[in-house]
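Just so you know, all these numbers are worked out from the coordinates, no wet-lab data involved. Source: prediction; values computed, not measured. Counting neighbours? That spans all protein chains shown, and the Cβs are built from the backbone with ideal geometry, glycine included.
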Amino acid sequence: MARALYIHWPFCLRKCPYCDFNSHVRGEVDHARWQSALIADMRHEAEIAGGETLESVFFGGGTPSLMPPALVGALLQEAERLWGFAPNIEITLEANPSSVEAGNFAALADVGVNRVSLGLQSLEDDILQFLGRLHSVDEGLAALEIAQSVFSRVSFDLIYARPGQTPEAWESELTRALSFGTGHLSLYQLTIEPSTRFATDVRQGRFTPLDDDPAGDLYTLTQQLTSAAGLPAYETSNHARPGEESRHNLTYWRYGDYCGIGPGAHGRRSNVATERHKKPENYLNSTESSGNGIQSARDLTSQEQAAEALLMGLRLVEGIDLATLEQRFGIARDQLLDPSKLALYRDLGLVWQRGGQIGVTPAGMPLLDALLGELVADTLVEA
């Protein structure tokens, strides 16, 4: 039974090279039609994955802060009717820090949004241009100030380990970011994904990504600065004041069930992985013809679920409990993690173990992807 609801809004303010959902702009959206579609999809999920009150709702996707507040309110009202809300429910909305979107913040808070995640990405104007962002630093900080005056909880993200970035430059930028006093920060290293503009730029020699060792040094510096400021890491890229961790994302990382509605949204209920139609037109047609936007609903094997639970759970500082996973998936612990590799990396100080509780140490976190490939048993990976 799901305790989390993810609502994917596919529309952006503009067409941008980084967004999969860029065929529409705000003025072209039939909001009444979309409200009907999203509510129909929500009702379908509640019939299958209802029964427990929601602990979190997350609006993500294109530019959800451009959703009309009345639409957000209608969706929240229906979600509460279908599932019920926990007393301290977390309702998060992702927002780009433009003045247009910041102008919606007060109205969004009035209809129930109590947490916002701002995509600041950098506190340097030239880096924002490099990243392809439209907002300036001043505009971003103005949006942050408005958000902090309106919402009870605010998070923002920054991207580091950028080409040529020095420890001194990152220390200055992160120290400034910490001075704003938010209870949560998402700090991501720049990654070059295949088939993106960045991948083309690297291939054509327009810039050179930061090497692994300097990037690792910046990661270590990040942990030191955030911990000293009272926002220690609770996940490899996420930092929070105790009690202000993202409850919604913790559902993913702890491999809990969640409902995903809207174009391209993924969800998981028990042993079934769901995926909605990605193209907005196909999604609308599906909800209007069959009452839901599902493109696929696939049964997951125990091995697939166990592998996903390990890959997600080991990102968390709290780690995973092998006894719980054994019981949940019916797989012995020595078939979950490779015992010899676990012993090796524990002895090297990259992994910690306290009884059946396993986790990655601060020294191992910069090597997380490689460690996961080593630790997860071959029988799960090959399944």
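Electrostatic bookkeeping for Asp321 treats Lys and Arg as +1 and Asp and Glu as -1; over the other residues with beta carbon under 14 Å from its beta carbon, the sum is +2. Measure off 7 Å from each Cα along the Cα-to-Cβ vector at Asp217 and Gln353, then give the distance between these two points in nanometres to one decimal. In this crude label model, Asp217 to Gln353 measures out at 3.4 nm. In the chain, helical runs assigned H by DSSP with n ≥ 4 each contribute -39500 (n - 2.57); averaged across all residues and rounded to the nearest 500, the mean residue ellipticity at 222 nm is -12000 deg cm²/dmol. Taking label positions 7 Å along the Cα-Cβ direction at both Asp321 and Glu281, the computed distance is 5.0 nm, reported to one decimal.
In this simple spin-label model, placing a label point 7 Å from the Cα along the Cα-to-Cβ direction at both Ala343 and Thr191 gives a separation of 3.2 nm. Based on Cα contacts under 8 Å between residues 6+ apart, the range 241-357 shows a relative contact order of 18 percent. Pairs of Cα atoms nearer than 8 Å and 6+ residues apart set the relative contact order; for the chain it is 15 percent. Volume per residue of the convex hull around the Cα atoms, evaluated for the range 259-383, comes out as 118 Å³. Placing unit charges on the Cβ atoms only, positive for Lys and Arg and negative for Asp and Glu, gives the chain a dipole magnitude near 580 debye about its Cα centre.
When the square roots of the Cα gyration tensor eigenvalues are ordered a ≥ b ≥ c, the ratio a/c for the chain is 1.5 or more and a/b does not exceed b/c, which makes its shape oblate. Considering the dipole of the range 194-321 built from charges on the beta carbon (Lys and Arg +1, Asp and Glu -1) around the Cα centre, which of Gln305, Pro263, His248 is farthest to its positive end? Positive-most Cα among the choices belongs to Pro263. Structural descriptor for the range 320-381: relative contact order 37 percent, calculated from alpha carbon pairs under 8 angstrom and at least 6 residues apart. Seen from His135, the other residues with C-beta closer than 11 Å to its C-beta sum to a net charge of -3, counting Lys and Arg as +1 and Asp and Glu as -1. Dipole check for the range 319-383: with +1 at the C-beta of Lys and Arg, -1 at the C-beta of Asp and Glu, and the Cα centre as origin, the magnitude is about 240 Debye. Suppose R0 equals 56 Å. What FRET efficiency, 1/(1 + (r/R0)^6) with r the Cβ-Cβ distance, do Ala106 and Leu367 give to the nearest 0.05? Working from the Cβ atoms, E equals 0.80. Put a plus charge on the Cβ of each Lys and Arg, a minus charge on the Cβ of each Asp and Glu, and nothing anywhere else: the dipole of the range 132-236 about its Cα centre is then about 300 debye.
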